[in-house]
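No lab work stands behind these numbers, since they all come straight from the coordinates. Just so you know, these numbers come straight off a predicted model, no measurement behind them. Virtual Cβ from ideal backbone geometry, glycine too; neighbours counted across all protein chains shown.
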Amino acid sequence: MYIIAHRGSSSDAPENTIAAFDLAVQQGADYLELDVQFTMDQQVVVIHDDTVDRTTDGSGPVMGYTLDELKKLDAGSWFHQRYANERVPTLQEILERYSQRVGILIELKHPKRQIGIEKAVSNIINRFSYSRHIMVQSFNDTALQRIKAYYPALQTAFIIKPSVGKLMKRKLAVYSTFADCLNMKKTMMNRFWIDRIHSSGMGVFIWTIKDQKTANRIKKYPIEGVVTDHPLFFKRRND
């Protein structure tokens, strides 16, 4: 089971920063999960929210900044003053730093509002074809279909919410045409759904684990990966 660090080790460092990703690697994560969006000048940067307000000292929409302007923002002090030098990284920087060391799970944020993000991300990933594991995930099925069209060999994960309803076999058959894995919310998880997804040819990820009790329960299930803010919850005994 892959340990997937949610926005890095985001319980102990500011999310989606080099500090959080470095710590996740140190803690034994198999994958770094991160979010990407466009800047005003169409550069792909790693940040979760539509705006910079929550995780930097700036304000306004991410797409209201050029990359140079965004790079001047403090992306760490909101978490703790010792992270004052953290900056919003680009996807290119993350892949250069980590793609030969650990897997990368890239989430496309709001692709309907960011026209062309699928192609831009595919082009960047294509420069790192030697990497161990790179995957792209999204709540948006059309975005994943576009990714597969641009880069058929790229692994993809479709994030599903409880509102998706019953995972009927015919629905799973459709998902399997553009997704290699389903990423389910932890409240959806049960052995029946896991087995049904596996029988459709897809893997299972679970999101997002924030407490040790749930982590201990998750370990009992035959899933491919778990997304967590706390990689150490899943520390292997022989590590």
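Close amide H pairs (under 5 Å, H built 1.01 Å from N) link Thr156 with Val136, Asp180, Cys181, residues at least 5 positions away or on another chain. Annotation for the stretch 45-83 versus the stretch 146-194: alpha-carbon center distance of 31 Å. For the stretch 111-239, the dipole from Cβ point charges (+1 on Lys and Arg, -1 on Asp and Glu) about the Cα centre works out to 360 debye, to the nearest 20. Sequentially through the stretch 145-159, phi angles give Karplus couplings (6.51, -1.76, 1.60; θ = phi - 60°) of 4, 5, 4, 5, 5, 6, 8, x, 7, 5, 6, 10, 10, 9, 8 Hz, Gly and Pro residues having no value and appearing as x. Both radii come from the Cα set of the stretch 182-239: Rg as radius of gyration, Rh as Kirkwood radius; their ratio Rg/Rh reads 0.97. Using a cut-off of 18 Å between Cα atoms, the listed pairs Lys210/Lys235; Lys109/Lys219; Lys171/Lys220 include Lys109/Lys219; Lys171/Lys220 as exceeding that distance.
Applying the criteria of a DSSP loop state and at most 13 other Cβ atoms within 10 Å to the chymotrypsin sites (Phe, Trp or Tyr not before Pro) of the stretch 102-172 yields Tyr130. Using the rule -39500 (n - 2.57) for each DSSP H run of four or more residues, divided by the residues of the chain, the 222 nm mean residue ellipticity is -7000 deg cm²/dmol. Loop-located trypsin sites (Lys or Arg not before Pro) across the stretch 135-186 with a Cβ neighbour count of 14 or fewer within 10 Å are Lys166, with loop assigned by DSSP. Taking every DSSP beta bridge that has both ends in the stretch 1-123, the antiparallel portion is near 35%. Its alpha carbons considered, the chain gives a radius of gyration followed by a Dmax of 17.3, 51 Å. Please compute one quarter of the surface area of the Cα convex hull for the stretch 133-178 and express it in square nanometres. Averaged projected area of the stretch 133-178's Cα convex hull equals 3.4 nm². The P(r) of the stretch 21-111 has a tail past 16 Å containing 54 percent of all C-alpha pairs. Charged side chains reduced to their Cβ positions (Lys and Arg at +1, Asp and Glu at -1) give the stretch 53-186 a dipole of some 740 debye around its Cα centre. With N counted as the residues of the stretch 1-66, its alpha-carbon radius of gyration over 2.2 N^0.38 Å works out to 1.19.
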